[in-house]
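Just below is one structure, and these are the notes that go with it.
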Amino acid sequence: MSLEAQGAQVCVASKQRPGTMLFGQHGTRCRVDFNIDDMYRAGDYMTFDAVFIPGGAAPQRFRNTQAAHKIIEWMVQRKRVVAAICHGVKALGAAGVLSGAKCTSYSGIKLAVQRYGGEWVDQPVVVHEQCGAAIVTSRTPPDLLDFSTALVAEVEKRDPAAGLATSPRQHGVLRYGLYWGPPLIAWCLDTFATSTAASSLD
């Protein structure tokens with residue numbers, strides 16, 4: 001089940017301009033809602049409940065994007081939700097939020113995650129509580145149902161009166177792509193992503 005199907009509003013942040021169409025595998029596509037650098041400068045990310053980093057090629061391309069690091073750090077400091085799947089977990093490491101955190105990822109980057117200080121485990125989804133924030137990580141597309149369920153649960157836990165499916169508030173994930181608000185942020189970058197990012201919307 002997708003985040004959208006569970007009531008979340010998804011917004012996409014990228015290095016590209018708003019309105020740019022990004023294409024992924026299997027005919028998937030998405031439209032850019034925010035330029036990530038402009039979003040950071042304007043503080044638009046502050047209205048979002050969570051940030052989601054998909055897997056595939058995108059995370060490698062924005063690991064050195066300072067705006068993305070700052071948004072991830074801010075989300076953790078404000079006791080919100082940061083989430084990543086597959087290769088996207090490396091972006092959390094680059095932002096400095098994995099140190100001492102129990103987490104998972106695509107097995108091929110296990111050593112990289114451990115170098116960032118993450119305590120890697122082989123589980124479909126891992127939720128690590130850190131100073132009131134939630135770091136939600138997952139392995140690969142077959143784990144997406146467990147991942148999206150856990151992600152929505154963590155957002156609602158921090159705003160129990162708002163229920164994603166019933167709240168009049170705007171819920172979103174910011175994908176980097178960034179994707180949500182009460183909101184959630186998800187990011188995709190120039191290449192959008194691979195099947196991991198695409199599947200996260202299905």
| request: Count, please, the residues in the range 17-58 that happen to be free of Cβ contacts under 8 Å to residues at least 60 places away in the same chain, assigned to a helix (DSSP H, G or I) and within 24 Å of PRO141 (Cα to Cα). | output: 1
| task | Enumerate the pairs (first residue in the range 108-131 and closer than 13 Å to VAL97 by Cβ; second residue anywhere and among the hydroxyl-bearing types (Ser, Thr, Tyr) and assigned to a loop (DSSP other than H, G, I, E, B)) with beta-carbon separation below 6 Å, excluding pairs fewer than 6 apart on the same chain, so at least 6 apart or on different chains. | result | VAL113/SER105; GLY117/SER99
| query | So which helices (runs of 4 or more DSSP H) are wholly in the range 69-163 and hold at least 3 residues that are surrounded by 19 or more Cβ atoms within 10 Å (Cβ to Cβ) and among the hydrophobic types (A, V, I, L, M, F, W, C)? | reply | 89-94, 144-158
| request: Return the only residue of LYS157, LYS110 being modelled with pLDDT under 95 and either among the aliphatic types (A, V, I, L, M) or more than 16 Å from the chain's Cα centre (by Cα) (or both). | output: LYS157
| field | Odd one out for ALA42 among (1) surrounded by fewer than 18 Cβ atoms within 10 Å (Cβ to Cβ); (2) of a type in the set (A, V, I, L, M, F, W, C); (3) at positive phi | value | (3)
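The values are calculated or read from the model by the stated rules, or taken from the named source; none is laboratory data. Model, not experiment: these values are computed from the prediction. Positions of Cβ are generated from backbone atoms using ideal geometry, with glycine treated the same way; all protein chains shown enter the neighbour counts.
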